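Notes follow once the structure below has been shown.
The values are calculated or read from the model by the stated rules, or taken from the named source; none is laboratory data. Just so it is clear, the model here is predicted, and its values are computed rather than measured. Here the Cβ positions follow ideal geometry from the backbone for every residue, glycine too, while neighbour counts run over all protein chains shown.
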Amino acid sequence: MRVLLVGFGVVGQSFAELINEEAGMLDHDFGLRPKIVGVVDRHGAAVSPEGLDVQKALGSKKKLGTLEGLGRDTYLEGKSALDVIKELECEVVVESTPTELTRGEPGISHIRAAMKEGRHVICTNKGPLALAMPALMELAHHNEVVFKFSGTVGGGTPVLDFAKKCLEGSRIRSISGILNGTSNFILSKMSTQGAEMKDALAEAQKLGYAEADPTYDIGGFDTACKLVITSNYVLGTSLSINDLDITGITGVSKKDIEAAKAKGKVIKLIGNVDKKAKVSPQEIDAAHPLNVSGTFNAILFDTYPAGEITLVGKGAGGKETASAVLRDLIEIRRSFAR
């Protein structure tokens, strides 16, 4: 199976490493022989119809910050992703460019172009799905291609597949979840160690959990993206991020944390879908199943007749998200055999 990687940051590189390491297992267990025939980053593209030297590509990216170490015959400086998507023969496009929530670009354009060319798409970029998921699902159906996005919610924890497959036969009445590890880390530090917000945020940035500009995480937007994707996929809604009421954790003070603790409660940033969808800091009982610490995520499905079911796991990370991309690739491979 020929694969084009659009975006070669942490997730793209982790995925390339993973399929290189697990080549024997993938062939033996699934009859899957993925071959990376193209990689595009913001500087240009490396293309080889016979398959790229993955180790050489990873080494070039690490040493030079670009793919030019692959040589002039392979590396095309300034080559755009849209051109490569249209020109390079492949079965699957993996879109893992950074999330952008104003217009969802360039991710939306990459996905649309791939689908129109008859390519299956695996997406880890939350922006296109948060803004235009119903339209992209319809475009995939129209072009008879598979559109997968397991890595957008829960990282390596199979949130979407769990709800869609393991809860078959149950009616999901509502969804609540802690879906952002950065915010959860900060609130956990404030609760367990009495840290101030600014100090907990500084530690999260030092450890690499938060970006230099943490607005996307602590402003609640990452949680909102994941809630939109989960609700649309699991409940069949047609939400976009613009439909949600979003409040981040920037207004949560040490005093608020202590007041909650005095009542046997904790404050968590929670996304809810019930009669309406929202993201906000909420008090929950200390014994509540959503009270997970550190960078863990937790999502609770209120179902009938099974009742409340909670899934807990790591919500992010290059290797974890790469494992979700691999699951999606295996699912696409299975679809060929049906």
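In the range 252-261, is there at least one residue being out of contact with any strand residue (DSSP E or B) (no Cβ under 9 Å at 6 or more places or on another chain), under 30 Å from Ile108 (Cβ atoms), in the same structural domain as Thr182 (by TED's automatic domain parsing) and at pLDDT 95 or above?
No: zero hits.
Would you call Gly127 in contact with a Leu (Cβ under 8 Å, 6 or more places away or on another chain), within 25 Å of Asn242 (Cβ to Cβ) and not in a helix (DSSP H, G or I)?
Values: in contact with a Leu (Cβ under 8 Å, 6 or more places away or on another chain): yes; within 25 Å of Asn242 (Cβ to Cβ): yes; not in a helix (DSSP H, G or I): no.
Spelling it out, it is not the case that Gly127 is in contact with a Leu (Cβ under 8 Å, 6 or more places away or on another chain), within 25 Å of Asn242 (Cβ to Cβ) and not in a helix (DSSP H, G or I).
Tell me whether the range 64-80 contains one or more residues that are of a type in the set (Gly, Ala, Ser), assigned to a helix (DSSP H, G or I) and surrounded by 13 or more Cβ atoms within 10 Å (Cβ to Cβ). Before you say what the answer is, go through the steps one by one.
Keep residues of the range 64-80 that are of a type in the set (Gly, Ala, Ser), which gives 65, 69, 71, 78, 80.
From the residues that got through so far, the ones that are assigned to a helix (DSSP H, G or I) too are 69.
Retained after the next criterion (residues that are surrounded by 13 or more Cβ atoms within 10 Å (Cβ to Cβ)): 69.
The answer is yes, given that some residue of the range 64-80 is of a type in the set (Gly, Ala, Ser), assigned to a helix (DSSP H, G or I) and surrounded by 13 or more Cβ atoms within 10 Å (Cβ to Cβ).
So which of Arg42, Arg72 ends up being under 20 Å from Thr99 (Cβ atoms) and without any contact (Cβ under 8 Å) to a residue 24 or more places away in the chain? Walk me through it before giving the result.
On the way: Arg72 fails: under 20 Å from Thr99 (Cβ atoms).
That would be Arg42, the only listed residue that is under 20 Å from Thr99 (Cβ atoms) and without any contact (Cβ under 8 Å) to a residue 24 or more places away in the chain.
Just to check your reading of the model, which residue among Asn232, Asn272, Asn291 is within 21 Å of Asn125 (Cβ to Cβ), assigned by TED's automatic domain parsing to the domain that holds Leu167 and either of a type in the set (Asp, Glu) or in contact (Cβ under 8 Å) with a residue 12 or more places away in the chain (or both)?
Values: Asn272 fails: within 21 Å of Asn125 (Cβ to Cβ); Asn291 fails: within 21 Å of Asn125 (Cβ to Cβ).
Every option except Asn232 fails the conditions.
Pull up the range 225-243, narrow it to residues that are part of a helix (DSSP H, G or I) and out of contact with any helix residue (DSSP H, G or I) (no Cβ under 6 Å at 6 or more places or on another chain), then point me to the one that is farthest from Arg173 (Cα to Cα). Walk me through it before giving the result.
Residues of the range 225-243 that are part of a helix (DSSP H, G or I), as a first pass: 225-235, 241-243.
Now narrow it down to the ones that are out of contact with any helix residue (DSSP H, G or I) (no Cβ under 6 Å at 6 or more places or on another chain): 226-227, 230-231, 235, 242-243.
Details: Lys226: 18, Leu227: 15, Thr230: 13, Ser231: 11, Leu235: 9, Asn242: 22, Asp243: 19 Å.
Only one residue tops the list, namely Asn242.
Just checking, which of Glu138, Glu144 is over 12 Å from the mean Cα position of the chain (by Cα), at pLDDT 95 or above, on the phi > 0 side of the Ramachandran plot and not assigned by TED's automatic domain parsing to the domain that holds Thr215? Steps first, answer last, please.
On the way: Glu138 fails: on the phi > 0 side of the Ramachandran plot.
Criteria check complete, one pass: Glu144.
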